[in-house]
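First comes the structure, then the notes that go with it.
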Amino acid sequence: MTLLKVEDLKVYFPVRGGVFNRKIGDIKAVDGVSFDIEPGETYGLVGESGSGKTTTGKAVMGLNNVTEGKIYYDGELLNADKKGQKVDIRKDIQMIFQDPYSSLNPRKRVLDIVAEPLRNYEKMSKKEEKETVQRLLSRVGLGPESMVKYPHEFSGGQRQRIGVARAIALKPKLIIMDEPVSALDVSVQAQVLNFMQEIQKELNLTYLFISHDLGVVKHMCDRIGIMYNGRFVEEGLKEDIFNDPQHIYTKRLVAAIPDIDPRNRKENIDFRERVKDEYSNSYYDYFNEEGLAYQLKPITDTHRVALPEKG
Amino acid sequence: MEEKQTQNEQEQVIQKTPSGIKIFWKEILKDKLALFSLIFFVLVTAIVFTVSLILDKEQVVKVDLFAIHQPPGGDFILGTDYGGRDVFGQLIIGTRNSLWIGFLVTALSGFIGIVVGVVSGYFGGHIDNVLMRILDFFMVLPSTMLIIVFVSIVPEYSTLSFSLIMTAFLWMGIARLIRSKALQEKELDYAQASRTLGSSHFSIIFKQVLPNITSLIVVTMTLNLAANIGIESGLSFLGFGFPENTPSLGTLLSYATNPVTLEERWWIWLPAAILILVLMLAVRNVGEALKRAADARQRRA
C-alpha cells in the first residue's frame, strides 16, 4: 500500500518578458518526476541546488502550482485534473521548513505558533489547547515555560523543534522535510536528526526527506531518489545508491562524500579525480542534448537508473 | 495554588521579553526632544478636547459688533477678530477641529491604504496589477485641486464629508508602502507554513503578516498625522476648509490674508500659526522616535 504516489509530476514556472509581459518560455523546475512512498519509510530526495527537489516537495504540499501530473495520497487524487491547479491542503501532510529563523512568525508566541493548526482544524477550549501545546512541546524536549516566549529567544535547534511540534500537532501521517537541518550547526544537526527518527518511530510517521547532504541522507533514509535538472537520474534503496551507483552523476555525488580518515586521503583524491574524468568523458552518454537525464529504467526490483536508450 | 504559581512564572517570563511599547518608551526617554514633544502633544490634545467641551461654541462664533478687533487682555485673553469673536475660544475649538480632522483622515486613509496594500502585496498577480493601476490613477490626479473642487460641490459640508474627500486622495502613499512590505513578508517561510497548517488567506494576511508590519504602520500613520494637520490647515487657509462658523487653525490663519490684520492685529493669526508649527513638529518628533524604536539598527544605544 503506497502512501504517496507521484506520477509524472511537472512544475513549470513561466518566464515573462517582451511586450505586454507575455509568456515567452518556461523554466522546467520539475520535469516528469515519479515516485512512491510506502508508509513508515523515509524517502530521500537528493540533488544539487536548483535540481527541483524543494519544488517537488512544495508541489506535494500544495505550495506550488502543478503544471502536469498527478499526486495521490492514500489512493486519493490530491490535485484536480485541471492544469495548473494546486494540491488540496490536508492535515495528514505537514511540512518542516529549511530555515527555522523565518518559518516561525517572529511576532507570535510559541503557544500561538504551535496552536495555529489546532485552531484551524480542531475545536478546542483554551485550556485544552494549552494542555495540548504543552504536551507537544514536552515531546520535542521543550519546557512549558517556552510557551510564552518568542521565537527569537530560542536557538536554531530549539526553533526547529518548535517547527516539528507544530508539524506533528495534527497527527499527520506524512511529513515533508525540506532540508530540515541545513541551516543548523553541525553539532545540532545530529541531535535534531536523531530526535526526528525517534518521533518517526513513536508516531509511525512517513518522511519525505529533502536534502543535499548525502551523509545526512545516508543516516536518515531508506530509499533515495537522486535529482538533476528537474529529473530523476537514479532511484533505489539506500544500499543500491551508496554501494552500487550506476549513473555517472550519482557516482560523482557518492565519491564526493567526505571521509574523516586522513590515511585514505591520497586514495580518495585519486578516486575523485578518476570519477571526475569519467564524468566529463561520458557526460554525453548519460544526458541528452539539453543536458537532461533519460527515462528511468529498472535494473533490479528496487533500483532504477536513467540510462540512455541505446544502452 | 499551583496554577497561580505557574501563572506568576509565566508573567515573569513575559516581562523578560521587551514588548514594542517598552522599547518605544526606552527610546522616548532617551530622546528628550521626543519626550517633550509627546508630553506637549498629549497635553494640547487633552486641554483642547476638555476645554472645548466646556466652551459654548455658539457663544464663541457669535458676532459681537461692540467688541471688534479687541487687542489681547481685558475681557478676551487673546483679543477678538473683525466680528468681535473671541480668538482664544476659536483657537481652542479650531485646534480641536484640526486635530480631529487629522486623526480622522489618518485613520480612514490608513485603513484603506493598509487593506489595499496588504491584499495587493500578498496576493500579487492580477489582483496586484488591478489594484496598483487604480492606485496609479489616483496618484496622477492633481489631488489638491480635486479636493478643492469636491469641497465646493459637496452638498452637505461637515467634518465627516471633508475627511472623506481628503481621504479619497491621501490613501495611496501608505498603500504603496504596505504593499512593498507585504511583498517581502509573504515570501518568508512563516506565511507559507501557515498555509500548510490550513490557515485561510484572510487569516494569514490579518493575523500573521499584518502584525509583522505594525511598526511600519504606526510610524507612517504618526508621520501622516502631522502631514494631514498641515494639509487641512492649508486648505482652510485657502478658504476651502471650514466655513467661519466652524473655526479651525487654518481659518484663523487665513485672517492674515488681510494686510492690515497681518501687520497690526498679530493676536488673531500668530497663535494659530505657532500652534500649527509646534504641533506638527511635535508629532513629527514622536514619529521619528517611533521610527527609531521600530528599527533596531537606528535605536540609540
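If you take the residues in the range A:52-81 that are part of a loop (DSSP other than H, G, I, E, B), more than 14 Å from chain B (Cβ to nearest Cβ) and modelled with pLDDT under 85, which one is nearest to the chain's Cα centre (by Cα)?
Selected residue: A:Asp74.
Which of (1) at pLDDT 75 or above; (2) over 16 Å from B:Ser248 (Cα atoms) is the odd one out, the single condition B:Phe103 does not satisfy?
Going through (1) at pLDDT 75 or above; (2) over 16 Å from B:Ser248 (Cα atoms) one by one, B:Phe103 breaks only (2).
Considering only the range B:171-181, I want to know if a residue exists there that is within 14 Å of another protein chain (Cβ to nearest Cβ) and either charged (D, E, K, R) or touching a helix residue (DSSP H, G or I) at 6+ places or on another chain (Cβ under 6 Å) (or both).
So far as the range B:171-181 goes, yes, one or more of its residues are within 14 Å of another protein chain (Cβ to nearest Cβ) and either charged (D, E, K, R) or touching a helix residue (DSSP H, G or I) at 6+ places or on another chain (Cβ under 6 Å) (or both).
Can you list residue pairs whose Cβ atoms sit under 9 Å apart, with the first residue in the range A:59-70 being within 11 Å of A:Gly32 (Cα to Cα) and the second being of a type in the set (Ser, Thr, Tyr) and at pLDDT 85 or above? Count only pairs 6 or more apart in sequence or on different chains.
Correct list of pairs: A:Thr67/A:Tyr12; A:Glu68/A:Tyr12; A:Gly69/A:Ser34.
Can you find, within the range B:142-185, the residue that is surrounded by the fewest Cβ atoms within 10 Å (Cβ to Cβ) among those that are among the hydrophobic types (A, V, I, L, M, F, W, C) and outside any helix (DSSP H, G or I)?
B:Val154
Residues checked against (1) over 24 Å from the mean Cα position of the chain (by Cα); (2) surrounded by fewer than 18 Cβ atoms within 10 Å (Cβ to Cβ); (3) modelled with pLDDT under 90:
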{"position": "B:Asp75", "(1), (2), (3)": "yes, yes, yes"}
{"position": "B:Tyr82", "(1), (2), (3)": "yes, yes, yes"}
{"position": "B:Phe88", "(1), (2), (3)": "no, no, yes"}
{"position": "B:Ile93", "(1), (2), (3)": "no, no, yes"}
{"position": "B:Gly113", "(1), (2), (3)": "no, no, no"}
{"position": "B:Asn129", "(1), (2), (3)": "yes, yes, no"}
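Of the residues that make up the range A:253-269, is at least one surrounded by 12 or more Cβ atoms within 10 Å (Cβ to Cβ) and in a loop (DSSP other than H, G, I, E, B)?
Looking for residues that are surrounded by 12 or more Cβ atoms within 10 Å (Cβ to Cβ) and in a loop (DSSP other than H, G, I, E, B), one finds at least one in the range A:253-269, hence yes.
Given (1) assigned to a helix (DSSP H, G or I); (2) modelled with pLDDT under 85; (3) under 28 Å from B:Asp81 (Cα atoms), identify the lone condition not met by B:Asn228.
The failed condition is (2).
Okay, residues lined up against (1) without any contact (Cβ under 8 Å) to a residue 12 or more places away in the chain; (2) closer than 26 Å to B:Asn212 by Cβ; (3) aromatic (Phe, Trp, Tyr):
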{"residue": "A:Asn105", "(1), (2), (3)": "no, yes, no"}
{"residue": "A:Lys108", "(1), (2), (3)": "no, yes, no"}
{"residue": "A:Ile113", "(1), (2), (3)": "no, yes, no"}
{"residue": "A:Ser125", "(1), (2), (3)": "yes, no, no"}
{"residue": "A:Glu129", "(1), (2), (3)": "no, yes, no"}
{"residue": "A:Thr132", "(1), (2), (3)": "no, yes, no"}
{"residue": "A:Leu136", "(1), (2), (3)": "no, yes, no"}
{"residue": "A:Arg139", "(1), (2), (3)": "no, no, no"}
{"residue": "A:Val148", "(1), (2), (3)": "no, yes, no"}
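Show me the strands (runs of 3 or more DSSP E) entirely contained within the range A:184-241 in which 2 or more residues are closer than 17 Å to A:Ala306 by Cα and at pLDDT 85 or above.
So the answer is A:223-228, A:231-237.
What residue, of B:Ala256, B:Ala293, is at pLDDT below 85, in a helix (DSSP H, G or I) and surrounded by fewer than 21 Cβ atoms within 10 Å (Cβ to Cβ)?
After ruling out the rest, the residue left standing is B:Ala256.
For the range A:274-283, does any single residue satisfy the condition of being among the acidic types (Asp, Glu) and farther than 23 Å from A:Gly230 by Cα?
yes
Among the numbered criteria (1) in a helix (DSSP H, G or I); (2) over 15 Å from A:Thr42 (Cβ atoms), which one does A:Lys171 miss?
Here A:Lys171 clears every test but (1).
Just wondering, is there one or more residues in the range A:104-115 that are crowded, with 19+ Cβ neighbours inside 10 Å, within 17 Å of the chain's Cα centre (by Cα) and within 14 Å of chain B (Cβ to nearest Cβ)?
No, the range A:104-115 contains no residue that is crowded, with 19+ Cβ neighbours inside 10 Å, within 17 Å of the chain's Cα centre (by Cα) and within 14 Å of chain B (Cβ to nearest Cβ).
Can you pull out the residues in the range B:200-213 that are surrounded by fewer than 20 Cβ atoms within 10 Å (Cβ to Cβ) and either farther than 30 Å from A:Leu170 by Cα or more than 10 Å from chain A (Cβ to nearest Cβ) (or both)?
The answer is B:His201, B:Phe202, B:Phe206.
Within the bounds of the range B:172-181, is there any residue that is out of contact with any strand residue (DSSP E or B) (no Cβ under 7 Å at 6 or more places or on another chain) and over 17 Å from B:Val116 (Cα atoms)?
The answer is no; no qualifying residue exists.
Given the conditions (1) within 14 Å of another protein chain (Cβ to nearest Cβ); (2) modelled with pLDDT of 70 or more; (3) exposed (fewer than 12 other Cβ atoms within 10 Å of the Cβ), report the number of the one that B:Gln12 does not fulfil.
B:Gln12 satisfies every listed condition except (2).
Filter the range A:106-120 down to the residues that are in a loop (DSSP other than H, G, I, E, B) and among the basic types (Lys, Arg), then identify the one that is nearest to A:Glu198 (Cα to Cα).
Only one residue fits best here, namely A:Arg109.
Name every residue in the range A:90-103 that is more than 7 Å from chain B (Cβ to nearest Cβ) and surrounded by fewer than 24 Cβ atoms within 10 Å (Cβ to Cβ), in order of residue number.
A:Arg90, A:Asp92, A:Gln98, A:Tyr101
Here are some conditions: (1) of a type outside the set (S, T, N, Q); (2) more than 25 Å from A:Val11 (Cα to Cα); (3) at pLDDT below 90. A:Leu253 meets all but one. Which one does it not meet?
(2)
Would you mind stating whether A:Leu170 is crowded, with 22+ Cβ neighbours inside 10 Å and within 14 Å of another protein chain (Cβ to nearest Cβ)?
No.
Residues in the range A:234-250: is at least one farther than 24 Å from A:Phe35 by Cα and without any contact (Cβ under 8 Å) to a residue 60 or more places away in the chain?
no
Return a yes/no flag: does the range B:192-199 have any residue that is in contact with a strand residue (DSSP E or B) (Cβ under 8 Å, 6 or more places away or on another chain), free of Cβ contacts under 8 Å to residues at least 60 places away in the same chain and either surrounded by fewer than 19 Cβ atoms within 10 Å (Cβ to Cβ) or not in a helix (DSSP H, G or I) (or both).
Yes: the range B:192-199 contains one or more residues that are in contact with a strand residue (DSSP E or B) (Cβ under 8 Å, 6 or more places away or on another chain), free of Cβ contacts under 8 Å to residues at least 60 places away in the same chain and either surrounded by fewer than 19 Cβ atoms within 10 Å (Cβ to Cβ) or not in a helix (DSSP H, G or I) (or both).
Being of a type in the set (Ser, Thr, Tyr), outside any loop (DSSP other than H, G, I, E, B) and more than 22 Å from B:Arg176 (Cβ to Cβ) is the filter here; which residues of the range B:200-225 pass it?
Scanning the range B:200-225 gives a single hit, B:Ser203.
May I ask you to list the residues in the range A:121-163 that are in a helix (DSSP H, G or I), surrounded by 17 or more Cβ atoms within 10 Å (Cβ to Cβ) and within 10 Å of chain B (Cβ to nearest Cβ)?
Those that are in a helix (DSSP H, G or I), surrounded by 17 or more Cβ atoms within 10 Å (Cβ to Cβ) and within 10 Å of chain B (Cβ to nearest Cβ): A:Pro144, A:Ser146, A:Met147, A:Val148, A:Pro151, A:Gly163.
The values are calculated or read from the model by the stated rules, or taken from the named source; none is laboratory data. All of these numbers come straight from a predicted model, not from anything done at the bench. Cβ sites come from the backbone with ideal geometry, for glycine too, and all protein chains shown count toward neighbours.
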